1. Would a scan of region B:96-103 turn up a residue that is among the aliphatic types (A, V, I, L, M), within 11 Å of chain A (Cβ to nearest Cβ) and surrounded by fewer than 19 Cβ atoms within 10 Å (Cβ to Cβ)?
2. Within the set of pairs 6 or more residues apart or between chains, which connect a residue that is under 12 Å from A:Val112 (Cα atoms) inside region A:254-265 to a residue that is of a type in the set (Gly, Ala, Ser) with Cβ atoms less than 6 Å apart?
3. For the subset of region A:227-237 comprising residues that are of a type outside the set (Lys, Arg) and surrounded by 21 or more Cβ atoms within 10 Å (Cβ to Cβ), which member is farthest from the other protein chains (Cβ to nearest Cβ)?
4. Any residue at all in region A:130-146 that's over 22 Å from the mean Cα position of the chain (by Cα), surrounded by 20 or more Cβ atoms within 10 Å (Cβ to Cβ) and either touching a residue at least 60 places away in the same chain (Cβ under 8 Å) or in a loop (DSSP other than H, G, I, E, B) (or both)?
5. In region B:104-125, which residue that is among the polar types (S, T, N, Q) and either more than 8 Å from chain A (Cβ to nearest Cβ) or in contact with a Pro (Cβ under 7 Å, 6 or more places away or on another chain) (or both) is nearest to B:Val161 (Cα to Cα)?
6. Quick one: how many residues across region B:284-321 are assigned to a strand (DSSP E or B) and not β-branched (Val, Ile, Thr)?
7. Conditions first: (1) in contact with a Lys or Arg (Cβ under 9 Å, 6 or more places away or on another chain); (2) modelled with pLDDT of 90 or more. B:Thr272 passes all but one, so which condition is the exception?
Amino acid sequence: MLIKKILISVFTIFAAMSLTFVLVRNMPGDIIYSMALDKASTEGIPFDVAYEEIKGMYGVGADDPLYVQYFRYVANIFRGNLGDSVQYQIPVIRIMFSALPWTLLVLSISIVLSFVVGAIIGTLAAWKRKTLLESFVTAYASITDATPDYLTAVILLIIFAVNLRLFPLKGAYNVDVTPGFNLKFIISVLYHAFLPIMAYTIENVGGWMLMMKASATSVLGEDYITAAQMRGLRERRIAISYLGKNAILPPFTRLAIAIGGMLGGSALIESVFAYPGIGFFFGKAVALRDYPLMQGLFLLTTVGVIVANLLADLLYSRLDPRVKVGE
Amino acid sequence: MEILNIEDLVVDYEVQEGILRSVNHVFLKVRKGEFMAIIGESGCGKTTIVQAIFNVMPSNGYIRQGRILFNGTDILSLDPESQRRIRWEKIAAVFQAAQSSLNPVLKIKDQVIDTVLDHRQMPRVEIFERAGKLLKVVGLEPDRVMNSYPHELSGGMRQRVVIAMALLLDPELLILDEPTTALDLITQAQLIETLQHLHEDLSITMLMVTHDVSNVAKVADRVAVMYAAQIVEVGSVESIFYNPCHPYTIGLINAIPSVVGDLSAKKPIPGTPPSLINPPVGCRFHPRCPYASRLCREKAPELIDMEPDHIVACHHRLDVKRLQHEVI
């Protein structure tokens, strides 16, 4: 059954890849036209010449029919060639490899932090029902849910970086330090990552809390919780091994999706902090209709989500003994 | 000597339609060493009494008044930690839906270990030894069961696991809440037999709560009959089955289908149990009672001695008794 799951995943990746190609090519706005217009006026050359030059620069072979472009694109992917970014004039693959570590650093810490904190607080809120904590969880989640993540990022930036000057305004590390495995660099990296991590965690922890609270509340109605109480088990044990262990199962599936989506970065938060992760380049790619870069990054996200789902399926059966792999 | 003495217990549930009084001024004594049964229809408040004994109420349930004396100490007045210690060490239970009372993500052995370690310091080897012995008593294969997850066992096996777990800490009182529901007839019979053996061999006091009147006749020493949140009759199993004095008790016994004889002779009690949000004034059974009079509609009867160790709450207990004997 595992083979079947893997085959389905491969097919899904292929389908998503094709769909992305079509969608990206059909996005409104002819970037070549506007760039050519720009070039023609700044360099004082005829529009037609400028148009041809820009088109060549994009390397899209825009004269070829769409399906030819598509096959060329797919064939190149299998050769590990995602094309060159139009605006940076370097291979998309290189941008990905330079951006990915930053995104993985910030988002893996943020996701683990928000999931763990959310799961603990959500379970407690369900366990100690009718307390202040329960109202807090609901209020916090609805407020952060209604606040867009870039706003949270901007607020953090204004308070802690602009006014208090506790944290840097932008970038991933101080330009004075030499990148490498040395303490100065690591400290600088963590120092720069702090605010983006906070922004993401503040924004996402509420969702995990709510999800965990809802899940734990429904588990509380199960007979084995009452039975555990009647057995005179300690509260702590019931909350962790009986309530928590069962309630974590549904949010866990969502965690896998979040981890997969992580490869796409967090476009708005990374843009606010000018943090050079995948999301930052995503923003740039969309703004300038940098097709090759956009397609490459979309592909990365797709593969991430699908692979994470596959891993979640495998892991789930270890968490819940009732589920066998591939069912 | 009473091991359990419930005095004037009142339990309410707050539901959307208002206050549902599930247990209404209940007095009940369980003597040391006996097998006592509480019988009554579903929803009459039997299970709520069990929940109150453990003081584990659903979020909308409240114990309004009353005392629950265990060996003379009021459990409800104790601090939470002392209450927790009484649970399972002194009073254990096999619950309604025991099938689902095991944690699905933990192996049986882990649940056994949790249960013992939260009450006693005991090396694992000893815990396994003790659990193994008890699993054998209830007719299970210890090695296989201990290493299984609940879903890998059949319903009957899970029920037996729960019974074995109830005996882990040598409780003085074992409460059985509908222990045989959701089991097939053969498993039911085997289980009742196991329970009987346990009662006799380990001399544990048993309190069984059930609507299965025929099983009660087999195992119980004394029986309390509950109707609409109140106790209406208490007596020895002989007096309840051969000399019932409450019209409801008679109805319950007549409703048992007999293996021999005509099925049409089975007479269900007419009507349905009353709402516990708005119970009838006077005797709560009067809308369904063939003997109901004006007195019954106005004044609630009290529990009165009929004969030694046999009390009944009915204004017409003497007429009922006389007519009952004429019919027989």
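1. yes
2. A:Ala256/A:Ala308; A:Ala256/A:Ala312; A:Ile259/A:Ala308
3. If we take residues in region A:227-237 being of a type outside the set (Lys, Arg) and surrounded by 21 or more Cβ atoms within 10 Å (Cβ to Cβ), then A:Ala228 is farthest from the other protein chains (Cβ to nearest Cβ).
4. Looking for residues that are over 22 Å from the mean Cα position of the chain (by Cα), surrounded by 20 or more Cβ atoms within 10 Å (Cβ to Cβ) and either touching a residue at least 60 places away in the same chain (Cβ under 8 Å) or in a loop (DSSP other than H, G, I, E, B) (or both), one finds at least one in region A:130-146, hence yes.
5. To start, the set of residues in region B:104-125 that are among the polar types (S, T, N, Q) comprises B:111, B:115, B:121.
Pick out the ones that are also either more than 8 Å from chain A (Cβ to nearest Cβ) or in contact with a Pro (Cβ under 7 Å, 6 or more places away or on another chain) (or both) and you get B:111, B:121.
Working: B:Gln111: 11, B:Gln121: 22 Å.
Among them, the one singled out is B:Gln111.
6. 4
7. Looking at each condition in turn, B:Thr272 falls short on (2).
Conditions (1) at positive phi; (2) crowded, with 21+ Cβ neighbours inside 10 Å; (3) modelled with pLDDT under 90, marked per residue:
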site: A:Lys245; (1), (2), (3): no, no, no
site: A:Ile257; (1), (2), (3): no, no, yes
site: A:Gly264; (1), (2), (3): no, no, yes
site: A:Val272; (1), (2), (3): no, yes, yes
site: A:Leu288; (1), (2), (3): no, no, yes
site: A:Val307; (1), (2), (3): no, no, yes
site: A:Leu310; (1), (2), (3): no, no, yes
site: A:Arg318; (1), (2), (3): no, no, yes
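The values are calculated or read from the model by the stated rules, or taken from the named source; none is laboratory data. Values in this document were obtained by computation on a predicted structure and should not be read as measured data. Cβ sites come from the backbone with ideal geometry, for glycine too, and all protein chains shown count toward neighbours.
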